[in-house]
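Here the structure is laid out as structure tokens; the discussion comes afterwards.
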Amino acid sequence: MRWLAEGSSEAVADALRVVAPKLSGHEVVVRETLGEEDPQWWAASAMVGDQYVAKFAWSQPAALRVAHEIDVLAALANEPGVPFLPEVIASSTDPVLLVTRRVPGTALFDIADSIDRDHAGRQLAIFLAGLHQAFERVEHLVGGLQPVLLPPATTQTIRAGIGPWIRPDQVDSVTRWCDWADNVLASPGSTVLAHGDFHGGNQVWQGDELRVVIDFETVGTAEPEYDLRTFPGTGPGVELLQATLHHYQQITGHDLSPERAMAWHLRTALGDALWRSEAGVPLPDHRTPIAWVDDLAARFSALRIDM
């Protein structure tokens, strides 16, 4: 395996001449990256003309993730194929490069307030059911799978750090929620092939139709509710989560637990709020941890989860 020497447009263009020479005449525009000081995150994507996206890396840890995504997508494309996968145009590990066809559209985060949540939930359940049921096939083809790569913050971390960023009257609630989440997740759930980072920004929609799911470098083993950990905070209320749970049960015959989904959501939301606050990075919706805690209280109430 060989990764790029740097994360520049020129380096990507050089790799394209080796991996996908027919695309080498297109303009390459590298998207802005974060975490440039840590080699773990020396990976990015680039627009290749207006029809293709190239994912690449310029360090070994990042290259391993891209190579993992290449292997996973190849395994998932085998029959029975998983729906809503990106179309792979070219891929290589020497140098590491993944080229997919660009699908125009909008992130779910940007349209969740306006679309039919039941219709959206059915499509999300179709994708998740296909992905989760591909566990044995992908494990065989990839040669073993590790746990998902992006575990959320622990409740211990949240308890220790969230206090300065929320109201004093919210601290007891957060502590109680963390105790509850620990209890809910104390017993292991079933194991599936999970996307690992299945948030609205990794989905491309046109109107109320899901077109493609992207970013499979975090794929690994987890319980199915792990892939629902951002759903309670996507769109108004908890309608999208409830619709997805309903359709998933109809498709697979398996009930997913809203309590387990909310336990993962709690750790994800408050962990995100904590690290961003400590790093001086705005929260994605530019609100405050105080508002996020109030939102969590409303979601627990809407799901009738009583602690």
In vacuo Debye scattering of segment 155-307, one point per C-alpha: log10 I(q)/I(0) at q = 0.19 Å⁻¹?
-> -1.34
Considering the dipole of the chain built from charges on the beta carbon (Lys and Arg +1, Asp and Glu -1) around the Cα centre, which of SER301, VAL48, HIS119 is farthest to its positive end?
-> VAL48
Would you please give the FRET efficiency between THR157 and ALA186, computed as 1/(1 + (r/R0)^6) with r the Cβ-Cβ distance and R0 = 22 Å, to the nearest 0.05?
-> 0.80
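Could you tally the net charge around GLU209, taking each other residue with its Cβ under 12 Å from the Cβ of GLU209, Lys/Arg +1 and Asp/Glu -1?
For residues surrounding GLU209, the net value is 0.
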Would you work out the relative contact order for segment 1-107, in percent, from Cα pairs under 8 angstrom that are 6 or more residues apart?
-> 29
Do you know the relative contact order of segment 234-294, to the nearest whole percent, from alpha carbon pairs under 8 angstrom that are 6+ apart?
-> 20
Helix 117-132 versus the longest principal axis of the chain: what is the Cα-based angle in degrees, 0 to 90, to the nearest 10?
-> 60
Only Lys, Arg (+1) and Asp, Glu (-1) charged, at Cβ; segment 213-307 dipole about Cα centre in debye | 160
For the chain, what does -39500 (n - 2.57) per DSSP helix run (n ≥ 4), summed and divided by total residues, give at 222 nm, in deg cm²/dmol to the nearest 500?
-> -13500 deg cm²/dmol
Of all the accessible heavy-atom surface of segment 15-151, with the other protein chains kept in place and a 1.4 Å probe, what percent is carbon and sulfur?
-> 50
Between ILE251 and SER301, what is the label-to-label distance in nm when each label sits 7 Å out along the Cα-to-Cβ direction?
-> 3.2
Which GluC sites (Glu not before Pro) in segment 21-104 pass both tests, a DSSP loop state and at most 13 other beta-carbon atoms within 10 Å?
-> GLU27, GLU32, GLU36, GLU37, GLU87
Output ordering of 55-67, 295-307 (per-residue mean of other Cβ within 10 Å, highest first) is 55-67, 295-307
Report the net charge of residues surrounding VAL12, where surrounding means a beta-carbon distance below 12 angstrom and charges are Lys +1, Arg +1, Asp -1, Glu -1.
-> -1
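How charged is the neighbourhood of ASP169? Take every other residue with its Cβ under 13 Å from the Cβ of ASP169, and add Lys/Arg as +1 and Asp/Glu as -1.
0
Tell me, what is the percent relative contact order of the chain, built from C-alpha pairs under 8 Å that lie six or more residues apart?
Working: 525 pairs, mean separation 55.9, N = 307.
Reported as a whole number, the value is 18 percent.
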Place a +1 charge on the Cβ of each Lys and Arg in the chain and a -1 charge on the Cβ of each Asp and Glu, then give the dipole magnitude about the Cα centre in debye, rounded to the nearest 20.
-> 180
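Sort the following peptides by mean Cβ neighbour count (other Cβ atoms within 10 Å, averaged over residues), highest first: 263-275, 239-251.
Put in order of decreasing packing, that is 263-275, 239-251.
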The chain: antiparallel DSSP beta bridges as a percent of all, rounded to 5 = 95
Computed on Cα atoms, the radius of gyration and Dmax of segment 22-146 in angstrom are 16.4, 44
Could you work out how far the C-alpha centroid of segment 54-71 sits from that of segment 253-307, in angstrom?
-> 30
Could you work out how far helix 258-279 tilts from the main Cα principal axis of the chain, as a 0 to 90 degree angle to the nearest 10?
-> 70
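What percentage of all Cα-Cα pairs in segment 98-185 are separated by more than 19 Å?
70
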Excluding ligands, DNA and RNA, what is the solvent-accessible area per residue of segment 1-135 at a probe of 1.4 Å, expressed in Å²?
-> 49
Rg and Dmax of segment 143-207 over Cα atoms: what are they, in angstrom?
-> 16.3, 50
With Rg and the Kirkwood Rh both taken from Cα atoms, where does Rg over Rh land for the chain?
-> 0.97
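Note down the magnitude of the dipole of segment 67-215 about its Cα centre, charges +1 on Lys and Arg C-beta and -1 on Asp and Glu C-beta and zero elsewhere, to the nearest 20 debye.
120
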In degrees, nearest ten, helix 168-184 long axis to first principal axis of the chain (Cα) | 70
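The values are calculated or read from the model by the stated rules, or taken from the named source; none is laboratory data. None of these values were measured; they are calculated from a predicted model. Note that each Cβ is placed from the backbone with ideal geometry, even for glycine, and that neighbours are counted across all protein chains shown. The protein model used for the area step is the full one, side chains on, heavy atoms only, and it has no ligands, DNA or RNA in it. Shrake-Rupley method; radii C 1.70, N 1.55, O 1.52, S 1.80 Å.
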